[in-house]
1. Kindly provide the set of residues from segment 155-170 that are within 26 Å of residue 213 (Cβ to Cβ) and in a helix (DSSP H, G or I), ordered by number.
2. Given 95, 103, which one is free of Cβ contacts under 8 Å to residues at least 60 places away in the same chain, of a type in the set (A, V, I, L, M, F, W, C) and surrounded by fewer than 21 Cβ atoms within 10 Å (Cβ to Cβ)?
3. I'd like the full set of residues that are farther than 17 Å from residue 112 by Cα, of a type in the set (S, T, N, Q) and open to solvent by less than 50 Å² (accessible area, probe 1.4 Å), limited to segment 174-218.
4. Report whether or not residue 85 is within 18 Å of residue 14 (Cβ to Cβ), modelled with pLDDT under 95 and out of contact with any helix residue (DSSP H, G or I) (no Cβ under 8 Å at 6 or more places or on another chain).
5. Name the pairs: first residue in segment 56-80 and in contact (Cβ under 8 Å) with a residue 12 or more places away in the chain, second residue buried (at least 21 other Cβ atoms within 10 Å of the Cβ) and hydroxyl-bearing (Ser, Thr, Tyr), Cβ to Cβ under 8 Å, at least 6 apart or on different chains?
6. Checking the structure you have, find out if any residue of segment 43-54 is surrounded by fewer than 15 Cβ atoms within 10 Å (Cβ to Cβ) and closer than 28 Å to residue 169 by Cα.
7. Yes or no: residue 58 closer than 17 Å to residue 222 by Cβ and either open to solvent by 20 Å² or more (accessible area, probe 1.4 Å) or in contact with a helix residue (DSSP H, G or I) (Cβ under 9 Å, 6 or more places away or on another chain) (or both)?
8. Looking for whichever is over 17 Å from residue 69 (Cβ atoms), under 19 Å from the mean Cα position of the chain (by Cα), surrounded by 14 or more Cβ atoms within 10 Å (Cβ to Cβ) and of a type in the set (Ser, Thr, Tyr) here; the options are 136, 221. Which one fits?
Amino acid sequence: MSLFKKHPYLELNMGLVEENFTVIKKKDMKLWEERGFKKIWKYPIFHYRQKFSEVIMLGKPLTISEFGTEKLIGSKILDYNLYFGTYGMGGAGFFGLKLEGAFGIRWLVYCIWSAGEHILLDNRIIECHPDFLEKYHPWIIWGNNRHEEYEKTCQELKKALSGLEILNVDLQEHALKFQLSGNHILETYQKSDKFPEQGGTRKKRLSYKTGTMSDCWLVIYDETNLTV
């Protein structure tokens, strides 16, 4: 990245996140400039070749504290995404909630590795390694020869989340809890016995080792992604 360091939004060092990028049509540049994004002449996106009609722009996300937890109250969940974050040849597995509120549409993204293993919806983990399915009964089921189950459970989770309203946000130094309409609760912690073991080490891990919970949750615009 040494050739690109003059750009103000390169190497943000916001926890795991280095950049927040978007690829847009040149005709939409003004809108994105109003959102605080700046054009970058060259930016490496794996297996992507920029078209003449397109521009790549970088911006700076806000942490959940900077954005304001009070602004989230009353917003509705439109969708979720288990695959935010890219390091070039693969994904980081950040978990994102697509929200609509007075602020328009934003994504609220939990920027930790395999974030779905560290989030509970109604006291049930979002996902875990296939070896631990019977122990944790996650919302999402995946693994070899489980494509149909994966698709089905992804849709079930979308149905469970879509349309729910955020009623309250309890942000603490190392914990975050969303009270949702219909008596649903979405929550995460830096450490919890309810989180599953990793597939490789067979051991549990902290959600993050440094910083606070607020540092790990970023608010970004729709149609953007995060680079690790």
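The values are calculated or read from the model by the stated rules, or taken from the named source; none is laboratory data. The structure presented is a predicted model; accordingly, all values stated were derived computationally and were not measured. Glycine also receives a Cβ, built like all others from the backbone with ideal geometry; neighbour counts cover every protein chain displayed. Areas reflect the complete protein model, heavy atoms only, side chains present, ligands, DNA and RNA absent. Shrake-Rupley method; radii C 1.70, N 1.55, O 1.52, S 1.80 Å.
1. Listed by number, the residues that qualify are 157, 158, 160, 161.
2. Working: 95 fails: surrounded by fewer than 21 Cβ atoms within 10 Å (Cβ to Cβ).
The conditions single out 103.
3. Residue satisfying the conditions is 181 alone.
4. yes
5. 59/224
6. no
7. Numbers: closer than 17 Å to residue 222 by Cβ: yes; either open to solvent by 20 Å² or more (accessible area, probe 1.4 Å) or in contact with a helix residue (DSSP H, G or I) (Cβ under 9 Å, 6 or more places away or on another chain) (or both): no.
Taking the combined requirement at face value, the residue does not satisfy it.
8. 221
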